[in-house]
Amino acid sequence: MLSVNALLVALTAFSALSSAAPSPINTPLHVPLTRRASTRRSTNSTVTMDRFSKAADFIRQKYGFISTAEFQRRQSSTGFAITNQGADTSYFGTINIGTPSQSFDVVLDTGSSDLWLAGSQCTQCPTGTPEFDTSASSSIQTSSDQVQINYGSGSVIGNLAKDTVSMGDFTVSDQTMLVVDQMTSGLVDGSIAGIMGLAFQTIASTGAVPFWQALINNNQFSSPEMSVFLTRFLDDAQATDEEPGGILTFGGTNSTLFSGDIDFQDFPSGSTASYWLQSISAITVNGNTVTPSSSEALAAIDTGTTLIAGPSDAVANIWSQVEGSQALSGQMAGFFSYPCNTNVSVAFSFGGQSWSINPDDMKDRKSVV
Ligand SMILES: *[C@@H]1O[C@H](CO)[C@@H](O)[C@H](O)[C@H]1NC(C)=O
Ligand SMILES: *[C@@H]1O[C@H](CO)[C@@H](O)[C@H](O)[C@H]1NC(C)=O
């Protein structure tokens, strides 16, 4: 093991030297290979391998085979403070793009997979939307390829571009994104400049590997995990437009933010990684079981959607269990109301466990009449 590792280190250094030399070298290049006497200092092979892999990294770094950012940030887990905008309407975080970097607030959306930002050519973005000035970035690679991304709440059109994107110390040097020049109204608000999709590449309209997947592919996470803790201000009449939104953790979980065990689930059989899907096996309302609308009720766990939505018949089944509930009409068609003094307990079963929704999450105090 030892000699193989030592040899790999030496080969790495040698190939780096030969390919990094642009000018012709007439004399043979001699690379002195020195070996420390104390290579067997540790009897723990993991520690030894770790030392060699670090040494190899130093050589890669020295000869320009690894960027400083990648070198400094290998395999970690970091929590990012996020912001709750509009009493649980959007949860956003801050990313940095380009060289020198420009900082933007983006919606953190597990229900989509593209990264887009309003560009400085945006003619239909809401007044005050921060815009990415691509001409100010020396690392941008622009393209004339146009892409449209459709969301439940609107759409954007723009051009594909690649640039360095980072969140804290996590960096992807060639992240594909859409620089948007047309946007339907109401899609983003306030300081938000775009959306960062946290679902899988398969559903990306740009076709690009999403930022979080690129970080995993680049081996930047200590564990291939991402976790999110969201705050609730729906029931707080004093809430301002921006409140602390919780924590997004890349590369692991934060045990101070949950209790009990994590229930890891495979994707439902027959479905590929697309949205963060679960198959709902049962729904209970105030202790009574109601049936999902079909035998295969797939649900997406989506941080970018404000409401819990379902097929009309399944939603009607839920409210039929709540005394005094009423289907609303007109602009509120599809919604239901119920008496203020009632607590509604809804639980969804997936993966062999039942997950209950806090009754306070069912109530919108601002809509109380
Ligand atoms: C974990 O969450 C706590 C809040 O309960 C926070 O103070 C802490 O910084 C978080 N840890 C990390 C590593 O982000
Ligand atoms: C509903 O739950 C709240 C706590 O969230 C409690 O204070 C209240 O008494 C409950 N109301 C009813 C009618 O059970």
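In the set ILE280, ILE357, which member is surrounded by fewer than 16 Cβ atoms within 10 Å (Cβ to Cβ), under 29 Å from ILE247 (Cα atoms) and β-branched (Val, Ile, Thr)? Just one listed residue meets the conditions, ILE357.
Restricting attention to the range 238-259, which residues are over 26 Å from GLY168 (Cα atoms) and either among the charged types (D, E, K, R) or within 16 Å of ligand 1 (Cβ to nearest atom) (or both)? Listed by number, the list holds a single entry, SER259.
Going through THR306, THR342 one at a time, which residue ends up being assigned to a loop (DSSP other than H, G, I, E, B), within 24 Å of ALA239 (Cβ to Cβ), modelled with pLDDT under 95 and more than 16 Å from ligand 2 (Cβ to nearest atom)?
Working: THR342 fails: more than 16 Å from ligand 2 (Cβ to nearest atom).
Answer to the check: THR306.
Across the range 345-354, which residue is surrounded by the fewest Cβ atoms within 10 Å (Cβ to Cβ) among those that are within 16 Å of ligand 2 (Cβ to nearest atom) and not in a loop (DSSP other than H, G, I, E, B)? So, considering only residues that are within 16 Å of ligand 2 (Cβ to nearest atom) and not in a loop (DSSP other than H, G, I, E, B), the one surrounded by the fewest Cβ atoms within 10 Å (Cβ to Cβ) is ALA347. Which of the residues that make up the range 112-149 are surrounded by fewer than 20 Cβ atoms within 10 Å (Cβ to Cβ), assigned to a loop (DSSP other than H, G, I, E, B) and of a type in the set (Gly, Ala, Ser)? The answer is SER120, GLY128, SER137, SER138, SER139.
Among the residues of the range 249-307, the one identified as without any contact (Cβ under 8 Å) to a residue 12 or more places away in the chain, within 16 Å of ILE357 (Cβ to Cβ) and of a type in the set (A, V, I, L, M, F, W, C) is LEU307.
Residues checked against (1) hydrophobic (A, V, I, L, M, F, W, C); (2) closer than 27 Å to PHE229 by Cβ; (3) more than 19 Å from the chain's Cα centre (by Cα):
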| site | (1), (2), (3) |
| --- | --- |
| LEU257 | yes, yes, no |
| ASP261 | no, yes, yes |
| GLY270 | no, no, yes |
| GLN278 | no, yes, no |
| ILE283 | yes, yes, yes |
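Looking at ILE283, ILE318, which is the one that is among the aliphatic types (A, V, I, L, M), in a strand (DSSP E or B), more than 16 Å from ligand 1 (Cβ to nearest atom) and farther than 30 Å from MET196 by Cα? So the residue among ILE283, ILE318 that is among the aliphatic types (A, V, I, L, M), in a strand (DSSP E or B), more than 16 Å from ligand 1 (Cβ to nearest atom) and farther than 30 Å from MET196 by Cα is ILE283.
Does PHE80 satisfy being buried (at least 16 other Cβ atoms within 10 Å of the Cβ), modelled with pLDDT under 95 and either touching a strand residue (DSSP E or B) at 6+ places or on another chain (Cβ under 7 Å) or farther than 19 Å from ILE195 by Cβ (or both)? I'd like the intermediate steps shown before the answer.
Working: buried (at least 16 other Cβ atoms within 10 Å of the Cβ): yes; modelled with pLDDT under 95: no; either touching a strand residue (DSSP E or B) at 6+ places or on another chain (Cβ under 7 Å) or farther than 19 Å from ILE195 by Cβ (or both): yes.
No.
Restricting the search to the range 317-328, which residues are within 18 Å of SER345 (Cβ to Cβ) and hydrophobic (A, V, I, L, M, F, W, C)?
The answer is ILE318, TRP319, VAL322.
The values are calculated or read from the model by the stated rules, or taken from the named source; none is laboratory data. Owing to the predicted nature of the structure, the values given are computational and were not obtained by experimental measurement. So basically every Cβ, Gly included, is an ideal-geometry build from the backbone, and we count neighbours across all protein chains shown.
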